[in-house]
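What follows is a short report on a single structure.
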Amino acid sequence: MRAIALEKIVYTLWRDPSEDLDAFSRRLRGEVAEQLFTLGARGLQVNLADADVAPAAGLRQENNRPLADAVLSLWVDSANTPVRRPFDEVLARVSSRLAAYLVCESVAIRNTRFPAHPGERTHGFSQIAFLSCPPRLTREAWLDTWRNYHTQVAIDTQDNFLYVQNLVVRALTHGATPLDAIVEEAFPPAAMTDPMAFFDAPGDEEKFRKNLAAMMESCNRFIDFDRIDVLPTSQYLLKTAVAP
């Protein structure tokens, strides 16, 4: 039987300031998730900037203010507007603002070290980076540098146990911040506060400096740091994406 491809939509969500973050988290993972499943969601993941990742505040980078409170990944049969609109409406009712992006997903590291269990918080934390192609590069050069060079550098120099590269195909909602990629990397808890743990060099100063230098040299080739946003989050995989 031929497999049926799914489309992936990444939503950035801002909660109403009057709603407590914990309550917002419970709504997204509870009643909202059930509504999305009823509408036909094939897969669902929610990432939240909650109290569990407060120690990672030093990793947060915010050039386009304010950063979203949550990032929701939704796998569906079709992202076409008539099909997607009911999903948008569900999320709009629980958010003060949202943006949606159709993405092409590439999994550079699949999480086999700390497998996610549906409905439970995934081990460690998930760092989400929002990237834009710098004006100094053509899109082709940017893509080549990021995907064909930097990917291996990021794997070799960090203690990341999940690495997902989402190339933005197009924005799906009006007013969405222009983005070219949304990247998710997951790390063990120690990496929230210990740079040596983050760069896969606990207790090894020489390895830490080497990995840090290699990573920064690679990032500088395709990232403008006055344009990037980075959001540490807790990951909740609610349903693994499975095509019918």
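The values are calculated or read from the model by the stated rules, or taken from the named source; none is laboratory data. No experiment lies behind these values; they were computed from the predicted model shown. Please note: Cβ atoms are built from the backbone with ideal geometry, for glycine as well, and neighbour counts cover all protein chains shown. Side chains are part of the model used for accessible areas, which takes the heavy atoms of the whole protein and leaves out ligands, DNA and RNA. Shrake-Rupley method; radii C 1.70, N 1.55, O 1.52, S 1.80 Å.
Rounded to the nearest 20 debye, the dipole size of the range 171-236 about its Cα centre is 60 debye, using +1 on the Cβ of Lys and Arg and -1 on the Cβ of Asp and Glu.
Post the alpha-carbon centroid distance, the range 202-236 to the range 64-95, in whole angstrom. Measuring centre to centre over Cα atoms gives 29 Å.
Can you tell me which of D229, D180, D22 moves the most in a GNM of the chain? Springs connect C-alpha atoms under 10 Å apart. Comparing D229, D180, D22 in a Gaussian network model of the chain, the most mobile one is D22. Among V169, S95, I128, flag the residue with its Cα farthest along the positive direction of the charge dipole of the chain, charges on Cβ as +1 for Lys/Arg and -1 for Asp/Glu. Final value for the positive-end residue is V169. Here the range 129-160 and the range 7-27 have alpha carbon centers that stand 28 Å from each other. Per residue, the accessible area of the chain comes to 47 Å² when a 1.4 Å probe rolls over the protein heavy atoms. Here, the range 168-226 is characterised by an Rg to Rh ratio of 1.12, where Rg is the alpha-carbon radius of gyration and Rh the Kirkwood radius.
From most to least packed by mean Cβ count within 10 Å, the peptides 194-201, 7-14 give 7-14, 194-201. The tail of the calculated P(r) for the chain, taken as Cα-Cα distances beyond 24 Å, holds 45 percent of the pairs. Counting only residues at least eight positions apart within a chain, or on another chain, the lysines with an alpha carbon under 21 Å from that of K8 are K239.
For the range 95-148, the Kirkwood radius over C-alpha pairs fed into Stokes-Einstein at 10 °C and 1.306 mPa s yields D = 107 µm² per second.
Based on the Kirkwood radius over alpha-carbon pairs, what is the Stokes-Einstein translational diffusion coefficient of the range 44-103 at 10 °C with 1.306 mPa s viscosity, in µm²/s? This corresponds to a translational diffusion coefficient of 117 µm²/s. The fraction of accessible area contributed by carbon and sulfur in the chain is 52 percent, rounded to a whole number (1.4 Å probe; ligands and nucleic acids excluded).
Taking the Cα centre of the range 41-93 as reference, the dipole from Cβ charges on Lys and Arg (+1) and Asp and Glu (-1) amounts to some 160 debye.
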